[in-house]
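For reference, the structure discussed in these notes is given below.
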Amino acid sequence: MPRILGVDIPNDKRTVISLRYIYGIGPFLSEQLCVRTGIDPDKRARDLTEDDLAKLASLLDNEYVVEGQLRRQVQQNIARLRDIGCYRGLRHRKGLPVRGQRTRTNARTRKGPRKTVAGKKGVKELR
Amino acid sequence: MGRSLKKPPYVVERLLEKVYRADSSGSREPIKTWARASTIVPEFVGKNFAVHNGRSFLKLYVTEDMVGHKFGEFAPTRTFKGHGGKASKAPKK
């Protein structure tokens with residue numbers, strides 16, 4: 001299986017699809033990469049030549065922020081919000097939704113698994 | 001939802017005036033403000049403000065990182081003391 005930028009090993013799907021397994025590459029960028037490198041988007045990823053891979057790698061390296069670098073960038077943005085003590089930073093610190101969603105119910109993605117409180121109304125009925 | 005880019009940032013002009021006046025008079029006193037919706041512009045960096053949260057004024061020293069945010073983001077309006085237990089029942093008014 002082909003490797004692009006170190007660890008990423010997209011499988012034997014079409015190139016446009018498998019490129020999206022790289023963190024930071026979505027439908028749009030994947031399409032754009034195929035056009036700019038002149039690779040047939042419908043070609044299976046396993047059929048990519050060394051030359052194709054080199055082209056993709058150099059393009060990604062030079063012009064786009066993906067993978068580790070992108071993850072770091074996102075983390076830095078969050079760290080900045082935390083440091084300046086603004087509302088969004090406080091929400092990040094508390095692990096609650098940041099963009100004004102309701103927290104009376106739902107918000108489980110941010111809050112994690114439910115922590116049932118003993119003696120609270122309704123707990124008995126749940127069992 | 002972001003603000004349309006064809007508009008300039010929303011800055012309460014009175015606040016800018018106040019900052020300039022404080023600058024020329026050399027006053028280091030925090031500038032009291034209710035203008036929570038005002039964007040923080042580079043002119044405000046390194047100044048002390050006191051932003052109203054509906055009850056009191058919270059001190060805020062503006063740093064470079066805060067530019068582009070609004071004053072209100074730095075003065076939370078809600079108090080949450082936690083759910084249940086003795087600890088939270090005691091301070092209830």
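The values are calculated or read from the model by the stated rules, or taken from the named source; none is laboratory data. On a predicted model such as this, the values are computed, not experimentally measured, just so you know. Here Cβ is always computed from backbone atoms with ideal geometry, including for glycine, and neighbour counts include all displayed protein chains.
If the condition is being of a type in the set (S, T, N, Q), under 24 Å from B:GLY2 (Cα atoms) and either away from chain A (no Cβ under 13 Å) or part of a loop (DSSP other than H, G, I, E, B) (or both), then segment B:38-87 contributes B:SER38, B:ASN53, B:THR63, B:THR77. Counting only helices (runs of 4 or more DSSP H) that sit wholly inside segment A:23-127, not one has at least 3 residues that are free of Cβ contacts under 8 Å to residues at least 12 places away in the same chain, under 17 Å from the mean Cα position of the chain (by Cα) and within 14 Å of chain B (Cβ to nearest Cβ). Just to be sure before I move on: is A:ASP12 at pLDDT below 90 and outside any helix (DSSP H, G or I) in the structure I sent? Yes; evaluated as a whole, the condition is true for this residue.
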